[in-house]
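These notes are about the structure you will find just below.
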Amino acid sequence: MSENVIRFNIAGDDRGSLVALESNKNIPFDIKRVYYIFGTKPDVSRGQHAHRNLEQVLICLNGFVKIKLDDGTASQEIYLDKPNEGIYIKDFIWREMSAFSPDCVIMVLASDYYNEDDYIRDYDDFLREVRTVNQYMRTELEDA
Ligand code: T46
């Protein structure tokens with residue numbers, strides 16, 4: 001899978017640190033929604049779905065979490081534990097979050113409003129849809 005970690009510049013001085021996030025600058029889309037996940041119970045796995053039309057950047061503001069990403073052909077695991085680091089997740093990527101530390105706070109920036117119809121929650125459906133999309137992209141490239 002392609003590199004998808006974004007490292008944000010820290011504007012630090014002797015008082016501490018500050019990170020600024022800006023649409024279409026260090027965040028590669030227009031930010032329409034922000035949500036955050038905290039107080040996750042031990043041994044819980046979250047996510048386990050993909051989106052059809054949504055880009056997101058996940059930033060672990062406190063603690064740590066393991067993120068598994070799967071594009072239907074390959075998967076990777078990333079540990080997020082720095083408030084100046086995010087992962088960019090485009091559409092048609094299956095994601096799972098686990099190994100949450102008790103103090104974990106994840107902030108998510110999203111390119112669109114919440115829409116339950118955009119979720120693919122069954123892994124076999126995800127594989128079917130992602131193969132169809134990939135086949136369509138290959139055909140478009142060949143015809144270009
Ligand atoms: C994702 C991962 C990283 C809302 O009402 N509005 C929202 O914007 C969101 C994201 C969720 N909700 C409601 C829907 C559920 O009743 O909050 C509840 C928990 O949502 P969900 O089970 O989808 O949470 P996660 O942690 O499994 O997944 C979330 C996002 O839904 C998803 O887009 O990529 O975080």
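The values are calculated or read from the model by the stated rules, or taken from the named source; none is laboratory data. Since this is a predicted model, take the numbers as computed values, not measurements. Note that each Cβ is placed from the backbone with ideal geometry, even for glycine, and that neighbours are counted across all protein chains shown. Note: areas computed on protein heavy atoms with side chains; ligands, DNA, RNA excluded. Shrake-Rupley method; radii C 1.70, N 1.55, O 1.52, S 1.80 Å.
For the reader, a short list of remarks on this structure follows.
- Two-decimal ratio, region 1-78, of alpha-carbon radius of gyration to 2.2 N^0.38 Å: 1.29
- Global form of region 19-136, assessed from the alpha-carbon gyration tensor, a/c cut-off 1.5: oblate
- The angle between the Cα long axis of helix 123-143 and the main principal axis of the chain comes to about 70°, on a 0 to 90 degree scale.
- Entry note, the chain: the mean residue ellipticity at 222 nm calculated from DSSP H runs of n ≥ 4, each adding -39500 (n - 2.57), is -5000 deg cm²/dmol after division by the residues and rounding to the nearest 500.
- Of the chymotrypsin sites (Phe, Trp or Tyr not before Pro) found in region 61-144, those that fall in a DSSP loop while having at most 12 other beta-carbon atoms within 10 Å are Tyr113, Tyr114.
- Accessible surface, per residue, of region 1-68 when the full set of protein chains is kept, probe 1.4 Å, Å²: 65
- Gaussian network model of the chain, Cα within-10 Å springs - most flexible of Gly72, Gly39, Gly47: Gly39
- You can think of it this way: the chain between Asp117 and Arg15 has 32.3 nm of extra reach, that is 0.36 nm per residue less the Cα-Cα gap.
- Choice from Asp112, Asp91, Asp122 with maximal GNM fluctuation in the chain (Cα, 10 Å cutoff): Asp122
- Per-atom-type breakdown for the chain gives carbon and sulfur 48% of the accessible area (1.4 Å probe, protein chains only).
- FRET E, pair Arg131, Lys25, Förster distance 30 Å, beta-carbon r, rounded to 0.05: 0.30
- Semi-axis lengths, largest first, of the ellipsoid equivalent to region 76-136 are 26, 14, 12 Å, with √(5λ) applied to each eigenvalue of the Cα gyration tensor.
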